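Enquirer: So that we are looking at the same thing, I have put the structure below in structure tokens.
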Amino acid sequence: MTARFTTAAAHGSSRPGARGPWLFPGTSTPPPPGFPQAVLFDRDGTLVADVPYNGDPDRVVPMPSAREAVDAVRARGIPVGVVSNQSGVARGLLTKGQVLAVKRRTETLLGPFAVWAVCPHLVGCDCRKPAPGLILAASHWLGVPCARVAVIGDIGSDVLAAGAAGARGVLVPTPATRPEEIRAARATAGDLLEAVRMVLAGAVR
């Protein structure tokens, strides 16, 4: 299963009907031993404010403590990545160029990420969270076992995707998070920096 996800992703496939995620690789150092060996963040509502179907880099606003949280992971020599559903592409509301423009703006504000795994689909794929494909593809690209990966997001599909991939998930609730998602999460944090501290301390099981 992993090979199927990562083969499509490794080439950044954007063919109509392609089932794999778009994978935009960055630069990374070899992962350290132990846990975590990589931390993957959801984009909208986690790293940056959730603007529905945003294709405008000028509307990218970091969430509170986002830069501090991501830098805390980088300071440990641990690669960071982004895993993001972007169904606006399938809906005809976004282009790949707009997704890349928002990516570049996010990295200007928050620093570089080792990998971006993006699902451009709405239905009929294996990568749209809560399916595990984005996490499998990003982990494979980084050369990190999923069991050594932490995933931080703001809604239930983020932590469900983590669990489906064999990774560890932390939920950082926002007003958009449903109460049942909070109750179902195995690990929750009050903000992004707290979530990162929990992960780095090995407190997420």
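Enquirer: I'd like to check something: does the range 105-122 contain any residue that is within 14 Å of residue 46 (Cα to Cα), touching a Gly at 6+ places or on another chain (Cβ under 7 Å) and aliphatic (A, V, I, L, M)?
Expert: Checking the range 105-122: not a single residue is within 14 Å of residue 46 (Cα to Cα), touching a Gly at 6+ places or on another chain (Cβ under 7 Å) and aliphatic (A, V, I, L, M).
Enquirer: Any chance the range 48-67 includes a residue that's assigned to a strand (DSSP E or B), over 22 Å from residue 91 (Cβ atoms), of a type outside the set (D, E, K, R) and open to solvent by 30 Å² or more (accessible area, probe 1.4 Å)?
Expert: To start, the set of residues in the range 48-67 that are assigned to a strand (DSSP E or B) comprises 48, 62.
This time we only want the ones that are over 22 Å from residue 91 (Cβ atoms), so: 62.
Within this subset, residues satisfying the condition of being of a type outside the set (D, E, K, R) are 62.
Applying the additional criterion that residues be open to solvent by 30 Å² or more (accessible area, probe 1.4 Å) yields 62.
Checked against the condition, which is being assigned to a strand (DSSP E or B), over 22 Å from residue 91 (Cβ atoms), of a type outside the set (D, E, K, R) and open to solvent by 30 Å² or more (accessible area, probe 1.4 Å), the range 48-67 yields at least one hit.
Enquirer: Follow-up. Looking at the range 24-35, can you tell me whether even one residue there is at pLDDT 55 or above, crowded, with 16+ Cβ neighbours inside 10 Å, in a strand (DSSP E or B) and not small (Gly, Ala, Ser)? Don't jump to the end; show me each part of the working.
Expert: Step one: filter the range 24-35 for residues at pLDDT 55 or above, giving 24-35.
So of that shortlist, the ones also crowded, with 16+ Cβ neighbours inside 10 Å come out as 24-26, 28, 31, 35.
When the remaining residues are screened for being in a strand (DSSP E or B), the result is 24-25.
Of the ones still in play, those that are also not small (Gly, Ala, Ser) are 24-25.
Yes, some residue in the range 24-35 is at pLDDT 55 or above, crowded, with 16+ Cβ neighbours inside 10 Å, in a strand (DSSP E or B) and not small (Gly, Ala, Ser).
Enquirer: Out of all the residues in the range 141-154, which are among the small types (Gly, Ala, Ser), open to solvent by 20 Å² or more (accessible area, probe 1.4 Å) and either part of a helix (DSSP H, G or I) or on the phi < 0 side of the Ramachandran plot (or both)?
Expert: Of the range 141-154, the ones among the small types (Gly, Ala, Ser) are 143, 147, 150, 153.
Restricting the remaining residues to those that are open to solvent by 20 Å² or more (accessible area, probe 1.4 Å) gives 143, 147.
Of everything in the range 141-154, just one residue is among the small types (Gly, Ala, Ser), open to solvent by 20 Å² or more (accessible area, probe 1.4 Å) and either part of a helix (DSSP H, G or I) or on the phi < 0 side of the Ramachandran plot (or both), namely 147.
Enquirer: Now a separate question. Mind listing whichever residues of the range 105-117 are open to solvent by 10 Å² or more (accessible area, probe 1.4 Å) and either under 15 Å from the mean Cα position of the chain (by Cα) or small (Gly, Ala, Ser) (or both)? Please lay out each step first, then the result.
Expert: If we filter the range 105-117 for residues that are open to solvent by 10 Å² or more (accessible area, probe 1.4 Å), which is where we start, we get 105, 107-109, 112.
Those that are open to solvent by 10 Å² or more (accessible area, probe 1.4 Å) and either under 15 Å from the mean Cα position of the chain (by Cα) or small (Gly, Ala, Ser) (or both): 107, 112.
Enquirer: In the range 82-99, which residue that is hydrophobic (A, V, I, L, M, F, W, C) and within 15 Å of the chain's Cα centre (by Cα) is nearest to residue 68 (Cα to Cα)? First the steps, then the outcome.
Expert: Step one: of the range 82-99, the residues hydrophobic (A, V, I, L, M, F, W, C) are 82-83, 89-90, 93-94, 99.
Cutting the leftovers down to within 15 Å of the chain's Cα centre (by Cα) gives us 82-83, 99.
On the way: 82: 16, 83: 19, 99: 24 Å.
Taking the candidates together, the pick is 82.
Enquirer: Where residues in the range 180-199 are open to solvent by less than 30 Å² (accessible area, probe 1.4 Å) and either part of a loop (DSSP other than H, G, I, E, B) or in contact (Cβ under 8 Å) with a residue 40 or more places away in the chain (or both), which of them is nearest to residue 63 (Cα to Cα)? Explain how you work it out, then say what you get.
Expert: In the first step, residues of the range 180-199 are kept if they are open to solvent by less than 30 Å² (accessible area, probe 1.4 Å); the result is 181, 185, 187, 189, 192-193, 195-196, 199.
Next cut, either part of a loop (DSSP other than H, G, I, E, B) or in contact (Cβ under 8 Å) with a residue 40 or more places away in the chain (or both) only: 185, 187, 189, 192-193, 195-196, 199.
Numbers: 185: 21, 187: 20, 189: 14, 192: 8, 193: 10, 195: 13, 196: 14, 199: 18 Å.
Only one residue tops the list, namely 192.
Enquirer: Let me ask something else about it. Would you confirm whether any residue within the range 82-97 is of a type in the set (A, V, I, L, M) and under 25 Å from residue 185 (Cα atoms)?
Expert: At the first step, the residues of the range 82-97 found to be of a type in the set (A, V, I, L, M) are 82-83, 89-90, 93-94.
Now drop any that are not under 25 Å from residue 185 (Cα atoms), which leaves 82-83.
The answer is yes, given that some residue of the range 82-97 is of a type in the set (A, V, I, L, M) and under 25 Å from residue 185 (Cα atoms).
Enquirer: Can I ask one more? Evaluate the range 129-140: report whether one residue or more is within 25 Å of residue 173 (Cβ to Cβ), assigned to a loop (DSSP other than H, G, I, E, B) and open to solvent by 50 Å² or more (accessible area, probe 1.4 Å).
Expert: yes
Rundown of residues vs (1) in contact with a helix residue (DSSP H, G or I) (Cβ under 8 Å, 6 or more places away or on another chain); (2) under 20 Å from residue 163 (Cβ atoms), yes/no style:
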residue: 76; (1), (2): yes, no
residue: 118; (1), (2): yes, no
residue: 122; (1), (2): no, no
residue: 135; (1), (2): yes, yes
residue: 148; (1), (2): no, yes
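Enquirer: Please enumerate the residues belonging to the range 155-179 that are out of contact with any helix residue (DSSP H, G or I) (no Cβ under 7 Å at 6 or more places or on another chain) and either open to solvent by less than 10 Å² (accessible area, probe 1.4 Å) or of a type in the set (S, T, N, Q) (or both).
Expert: 157, 158, 174, 177
Enquirer: Collect the residues in the range 108-141 that are free of Cβ contacts under 8 Å to residues at least 40 places away in the same chain and under 14 Å from residue 26 (Cα atoms), keeping them in residue-number order.
Expert: Hit for the range 108-141 is 108, nothing else.
The values are calculated or read from the model by the stated rules, or taken from the named source; none is laboratory data. As the structure is a prediction and not an experimental result, all values here were calculated from the model. So basically every Cβ, Gly included, is an ideal-geometry build from the backbone, and we count neighbours across all protein chains shown. For accessibility, only protein heavy atoms count, side chains too; no ligands or nucleic acids. Shrake-Rupley method; radii C 1.70, N 1.55, O 1.52, S 1.80 Å.
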